Amino acid sequence: MESIDEQVKQHKFIIFCEDHFNPLGLCRSLGEKGIKPIVVTFGAKPRILKRCKYIGSISHFADMEHALAHIEEEYGYEEFKPFILTGADNTTQLLDENYERLVTKFYFFNCCGQGQVSKYMDKGTICDLAERCGIQKPKGEILKRGELPTTLRYPVLTKVTMSTKGAWKDDVFICQNEQELKEAYTHIKAEELLIQEFIDKKNELCVDGISINEGEEVWLPYRSEYIRFLKQSYGEYMWIKPYNDEETLQKIKNIIRETKFSGIFSVECLEDKNDNLYFLEVNFRNSTWSYAYTYAGLNLPYEWAKGVLSGHFDYANVKLRTTPFKAITEPSDFINSVVREKQVGLMQWIKDLRSCEVKYYYNKYDKKPLLGFFISRISTALKSLLRK
């Protein structure tokens, strides 16, 4: 009788993505288990992923619709259903929109019905669900662009209701008063916004996990805790720690169970100065920090696939790290912490870098993707100069 590990390796793994270090983590996680994933990219030509030593093949298309059509045509009739893994909201949503057609051909992240992932990607919907499950949400109002809140006190934070709408992070503004909100509206692209009370955060709680059986079984042993962070965004230099707050973990599990989600996910919350927890969102996809979990012993894409095929998680045969460690997104943390915000000097940043056991770009067994990142940045800068 074949072992579950032998069964997993009979299936193809397709990473459907744009060129980014998020899917790079998926490639490395699978590669370390002896699986060479098929990478199907779209958008800008890949410079990072094509240099990853673990990939089996890479194909590139102008847009994600043509990329998905290629996946379905090329791999939709395999003897063993392939797994499609996503690390961005747009690709996850596209699979969700085509759930009924794809579900018999592929395993992919889903909420057990067409359009259900998209439903819970809406921040208003998922925040209401989190509140029902026991995690408070920041006070907020759903408004059309240009409308002013009627129940909130300033300062407020502007957000798109869904990351695939508007300009996503570029539509985030902290507004101290009505005048600043009106000014923000002149730059915001989204037609509809979630305006929330601004919470002066002490930190953020980020928990990555995997779920199977329509959310009935959820595994999330670690938390990310930022050492440095931006005022209106998450940080990129962090601790990865075992997470043992059973009360909060159960509330998160209840949220995932209510959505009937199967896949890799992450949950984000704010912690204020008084240690109060505020729910932000669920990302129904692989997160940028997931490779740190592989380093800690929980290989999220591999263990999720095993769980899907066997119907349960193999807790007994996974050895998890029990001590905290540091991780960093090197290029962007340097740009934000040293260059833009000047939170630390160069020598301190180098010291911090050396203290990190996980670097999301550099990997001593897979060094070339970091070179690809620098080539990509240089190419972008040169094109910008030529346009001027």
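Report yes if residue 246 is surrounded by fewer than 16 Cβ atoms within 10 Å (Cβ to Cβ) and either within 13 Å of residue 127 (Cβ to Cβ) or more than 20 Å from the chain's Cα centre (by Cα) (or both), otherwise no. Spelling it out, residue 246 is indeed surrounded by fewer than 16 Cβ atoms within 10 Å (Cβ to Cβ) and either within 13 Å of residue 127 (Cβ to Cβ) or more than 20 Å from the chain's Cα centre (by Cα) (or both). Considering region 161-181, and only residues there that are outside any helix (DSSP H, G or I), of a type in the set (A, V, I, L, M, F, W, C) and more than 12 Å from residue 196 (Cβ to Cβ), the residue that is least open to solvent (accessible area, probe 1.4 Å) turns out to be 162. Among the residues of region 189-212, those identified as under 30 Å from residue 310 (Cβ atoms) and out of contact with any Lys or Arg (no Cβ under 9 Å at 6 or more places or on another chain) are 210, 212.
Scanning region 73-102 for residues that are within 21 Å of residue 164 (Cβ to Cβ) and either outside any helix (DSSP H, G or I) or acidic (Asp, Glu) (or both) turns up 84, 85, 86, 87, 88, 89, 96, 97, 98, 100. Note on region 281-300: residues that are open to solvent by 20 Å² or more (accessible area, probe 1.4 Å) and part of a strand (DSSP E or B) amount to 1. Of the residues making up region 138-160, those that are open to solvent by 60 Å² or more (accessible area, probe 1.4 Å), under 19 Å from residue 199 (Cα atoms) and among the charged types (D, E, K, R) are 139, 153. In region 301-324, the residue that is nearest to the chain's Cα centre (by Cα) out of those that are within 20 Å of residue 25 (Cα to Cα), surrounded by 17 or more Cβ atoms within 10 Å (Cβ to Cβ) and hydrophobic (A, V, I, L, M, F, W, C) is 304. Using the structure shown, decide if residue 76 is closer than 23 Å to residue 318 by Cα and not acidic (Asp, Glu). Taking the combined requirement at face value, the residue does not satisfy it. The residues in region 39-68 that are closer than 19 Å to residue 90 by Cα, open to solvent by 20 Å² or more (accessible area, probe 1.4 Å) and either among the polar types (S, T, N, Q) or within 20 Å of the chain's Cα centre (by Cα) (or both) can be counted, and the count is 4. Against the conditions (1) surrounded by fewer than 16 Cβ atoms within 10 Å (Cβ to Cβ); (2) closer than 23 Å to residue 357 by Cβ; (3) among the hydroxyl-bearing types (Ser, Thr, Tyr), residue 186 satisfies every one except (2). Can you tell me how many residues within region 170-224 are touching a Phe, Trp or Tyr at 6+ places or on another chain (Cβ under 8 Å) and among the acidic types (Asp, Glu)? The number of residues fulfilling the criteria is 6. Filter region 325-343 down to the residues that are in contact (Cβ under 8 Å) with a residue 24 or more places away in the chain and within 23 Å of the chain's Cα centre (by Cα) and list them by number. Hits for region 325-343 are 325, 326, 327, 328, 329, 330, 331, 332, 333, 336, 337. Among residues of region 73-94 that are open to solvent by 30 Å² or more (accessible area, probe 1.4 Å), those with a Cβ under 6 angstrom from a residue that is of a type in the set (S, T, N, Q), sequence gap 6+ or separate chain, pair up as 80/10; 90/164.
The values are calculated or read from the model by the stated rules, or taken from the named source; none is laboratory data. Quick caveat, the model's predicted, so the values are computed rather than measured. Ideal geometry is used to build each Cβ from the backbone, glycine not excepted, and the neighbour counts take in all protein chains shown. Areas reflect the complete protein model, heavy atoms only, side chains present, ligands, DNA and RNA absent. Shrake-Rupley method; radii C 1.70, N 1.55, O 1.52, S 1.80 Å.
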